[in-house]
Amino acid sequence: MKGITFNRGKRKYRADISVGGKQRNLGYFINKEDAVLRLENTKKAIEDGEDINTWLLANPNPKSFTSSQDQFEEEYSMFLDDEDREPSSKDGYHKKLDFCFSNFRILQKRYEKEVEGKTHVVKAGVYFDSSADLFRTKLIHFRYWKAHLGMIGKQITYCNWDMTEFQLRLALLRVFQRNIYLPKDLQPNSENYVEKWKEIKEGIDEIVQESIYEIPDRKPQIENKIIFNPAFNLSKKERQKISTEHTVEVKRNNMIKRLEEHFYIGISKKKLKRESKISIPTISKYWEYLNNINDGMEQV
């Protein structure tokens with residue numbers, strides 16, 4: 001059936017619908033019949049004139065919440081196996097979570113005029129990266145889920161200025177599934193199952209509102225960042241080469257600056273080594289340069 005596909009990695013059926021030229025994921029289902037029903041109900045809601053975002057929010061896919069602990073751990077393991085080795089995926093955007101975890105794309109937008117026609121520019125700016133809080137190696141105890149999502153929610157909002165409340169709810173649900181350990185009373189066979197998930201939904205709604213109006217506890221840092229031009233679509237290898245060359249240039253400039261601070265006409269190489277803490281071979285490499293710039297200064 002059109003709109004229903006089978007995901008071999010998850011071993012589940014996925015339902016999708018195209019709305020306004022954009023593909024919307026309606027969720028994953030163990031049974032194909034459930035996926036078909038979800039798709040048909042969504043189509044009917046759209047035909048009746050309902051807004052797709054409002055309807056999805058009012059009718060969440062229960063499979064987003066109701067996986068057993070075994071299923072959750074299996075999906076979590078597959079998530080980690082399939083995840084990028086480096087959290088800093090291209091331009092700070094994580095495909096699986098579907099949001100930016102750094103403000104790198106915001107910086108690209110801010111400097112788009114300066115980077116136009118170039119592969120990159122280097123700028124000192126306010127940089128924020130939530131990798132340390134988001135990409136954890138261990139699941140968080142359930143009792144801390146609200147505090148963790150509250151922290152992450154502010155960070156997501158900071159790095160995704162155009163994110164709607166609905167998109168933020170979905171993002172927080174993905175973080176919940178990825179980072180929080182599910183206790184027994186959140187499994188389908190629990191008597192408190194429905195009540196517990198209702199509390200979580202209400203808690204996430206509160207976090208969404210708090211995240212919109214507050215700034216992250218983790219403070220952004222002033223850093224020199226290489227702003228790559230997205231129009232060039234540089235490969236990972238090309239970016240690494242640019243980053244390596246920039247690092248070498250920065251180290252070289254810092255070393256020359258140290259030599260210049262301690263150099264004067266008549267100083268020996270050995271004394272310059274003691275004062276600058278730079279090796280004799282390196283001093284010899286720049287010896288002519290140091291004498292030339294100092295001769296020029298004396299002539300002036």
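Which residues, counting only those in the range 135-193, are closer than 19 Å to Ser102 by Cα, more than 16 Å from the chain's Cα centre (by Cα) and among the basic types (Lys, Arg)?
Arg169
Starting from the range 26-45, take each residue that is without any contact (Cβ under 8 Å) to a residue 24 or more places away in the chain and list its partners that are part of a helix (DSSP H, G or I), counting only C-beta distances under 7 angstrom and pairs at least six apart or across chains.
Sorted first by the residue in the range 26-45, then by its partner, the pairs are Ala45/Trp55.
Quickly run through the range 122-144 and pick out the residues that are touching a residue at least 60 places away in the same chain (Cβ under 8 Å) and surrounded by 15 or more Cβ atoms within 10 Å (Cβ to Cβ).
Lys123, Gly125, Tyr127, Phe128, Ser130, Asp133
Those residues that are of a type outside the set (S, T, N, Q), outside any loop (DSSP other than H, G, I, E, B) and loosely packed, with under 12 Cβ neighbours inside 10 Å, I need them from the range 200-221; list them, please.
If the condition is that a residue be of a type outside the set (S, T, N, Q), outside any loop (DSSP other than H, G, I, E, B) and loosely packed, with under 12 Cβ neighbours inside 10 Å, then Glu202, Tyr213 are the ones that fit.
Yes/no matrix, rows are residues, columns are (1) at pLDDT 95 or above; (2) more than 23 Å from Glu223 (Cα to Cα); (3) out of contact with any helix residue (DSSP H, G or I) (no Cβ under 6 Å at 6 or more places or on another chain); (4) not assigned by TED's automatic domain parsing to the domain that holds Glu202:
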position: Tyr93; (1), (2), (3), (4): no, no, yes, no
position: Leu97; (1), (2), (3), (4): no, yes, no, no
position: Lys123; (1), (2), (3), (4): no, no, yes, no
position: Ala132; (1), (2), (3), (4): no, no, yes, no
position: Ile140; (1), (2), (3), (4): no, yes, no, no
position: Ile156; (1), (2), (3), (4): yes, no, no, no
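Please go through (1) modelled with pLDDT under 85; (2) exposed (fewer than 14 other Cβ atoms within 10 Å of the Cβ); (3) at negative phi for Gly20 and return the number of the only condition it doesn't satisfy.
(3)
The values are calculated or read from the model by the stated rules, or taken from the named source; none is laboratory data. As the structure is a prediction and not an experimental result, all values here were calculated from the model. Here the Cβ is made from the backbone with ideal geometry for all residues, glycine too, and neighbour counts use every protein chain on show.
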